[in-house]
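Reading through the structure tokens given below for one structure.
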Amino acid sequence: MQIITDKAGWRSAIAGQGTFDFYHTYEYHILHNNEEPRLFVFENGNERLCLPLLLRTIEGTSYSDLTSVYGYAGCLYNVEHPSQELLQKVNDELSEFVFDNGIISVFSRLHTLVPNSSLLPEGMGEIVELNRTVYIPVTEAEEDQISLYSSALKRQLDVIEKSGLSFRIASSKEDWVSFYAIYTQSMTEKEASAEYFFNTSYFMGMKNARDYESILLLAEWEGEVVAGALFVVCGEFMQYHLGAVSTLHQKLSPLKLLIDRVRRIAVERKIKYLHLGGGKNGVDDGLFQFKSGFSHRFATFRIWRWIVDEDIYNHLSEGLPEGRFPRYRNIH
């Protein structure tokens, strides 16, 4: 097993795996503050698995855990049908690493469209199927894409287009600052959990990344920026990453306009999938219903969770609610 921590080595390793997304890149991993990017590479002859994770210390203890970035990560194989020999090496080598380094648990959100993203050896925790995510196959004919829109959405887009609401692609640092302000205000009003808040360094890192392209679309009403949606392009994927609307302009439904317009950009760019994601916290909720108005093409969202040392895990989790995995981090 090789553990890669440098940008050049990381970039070279995942480039050799074929299909990958921006969630797998080094540049995205380093935006997660106080967490150390690690790319675990396992090889068996010409077969190779790359598994990106973040190493975190568990405050107040000598232990650590491994987790994934915000988004969809998981396994990157360079072969369609990995052998049992490779999977056994993954089991043996990663198990040895976590036991030798005081790793208490491992967690990853698994990519819904990368082949074999959730393929892991038995005996390393469990793969849990949570819900569905929504995508638009933007290589299909325009009329086929529009046919995926719900009737209600088509009517709403007609109204929005006549309302005077306009959109543009962000072109300056000030545009990104405007979106940051709207997004942060929206998350505060929704009392979102800490993982949905990002600092200005995160937004500037997304803007300036070279391993992927960030496209920020802004909606304007009477000359004022009232909403924004951040989309990220990497290879055959365009991901809807973050979106927010100012409190006073919710009824204008500007995000619907922005998603429809970015779909057209994806078509022009010959991207294969516009992935809108799923609901909040892996639930088929109102957010999922909003996204599924654009398409009824769904992919399965899975997570990987592995309790390495149950005794220590239970001790650290004592008195804390179930909530998210790992339980001992459900302090706030």
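Below are the figures for this structure:
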read-out	value
Alpha carbon centroid spacing (whole Å) that separates the stretch 75-90 from the stretch 94-137	14
Global size of the chain as Cα Rg and Dmax, reported in angstrom	20.6, 63
Using θ = phi - 60° and Karplus 6.51 cos²θ - 1.76 cosθ + 1.60, couplings along the stretch 123-131 (whole Hz; Gly, Pro as x)	x, 10, x, 9, 9, 10, 8, 9, 7
Residue-level accessible surface for H315, protein heavy atoms, 1.4 Å, Å²	130
Solvent-accessible area per residue, Å², over the stretch 141-227 with all protein chains present [probe radius 1.4 Å]	54
Charge dipole of the chain about the Cα centre (unit charges at C-beta), most positive-ward option of P52, Y149, T19	Y149
Cut-off under 5 Å, modelled amide H: who pairs with A227 long-range	A219, S246
HN-Hα J in Hz across the stretch 221-236 - Karplus 6.51, -1.76, 1.60, θ = phi - 60°, x for Gly and Pro	9, 6, x, 10, 6, 10, 6, x, 9, 9, 10, 10, 10, 8, x, 8
Long-range HN-HN contacts of Y63 with modeled amide H, under 5 Å	I58
Surface accessible to a 1.4 Å probe, R38 within the full protein complex, Å²	50
For the stretch 206-332, size of Cβ-based charge dipole, Lys and Arg +1, Asp and Glu -1, in debye	540
For the chain, built as a Gaussian network whose Cα springs stay under 10 Å, the top-fluctuating residue of Y273, Y180, Y196	Y196
Cα gyration tensor shape of the stretch 19-103, rounded if a/c is under 1.5, else prolate or oblate by comparing a/b with b/c	oblate
Cut-off under 5 Å, modelled amide H: who pairs with N131 long-range	F301
Charge-dipole axis of the stretch 106-147 as Lys and Arg at +1 and Asp and Glu at -1 on Cβ define it, positive-most pick from S117, N131, F107	F107
Qualifying aspartates and glutamates (Cα of each under 18 Å from Cα of K7; at least 8 residues distant if same chain)	D21, E27, E35, E36, D211, E213
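The values are calculated or read from the model by the stated rules, or taken from the named source; none is laboratory data. Because the structure is a prediction, the values reported are computed rather than measured. Because the Cβ atoms are built from the backbone with ideal geometry, glycine has one as well, and the counts that use them run over all protein chains shown. For accessibility, only protein heavy atoms count, side chains too; no ligands or nucleic acids. Shrake-Rupley method; radii C 1.70, N 1.55, O 1.52, S 1.80 Å.
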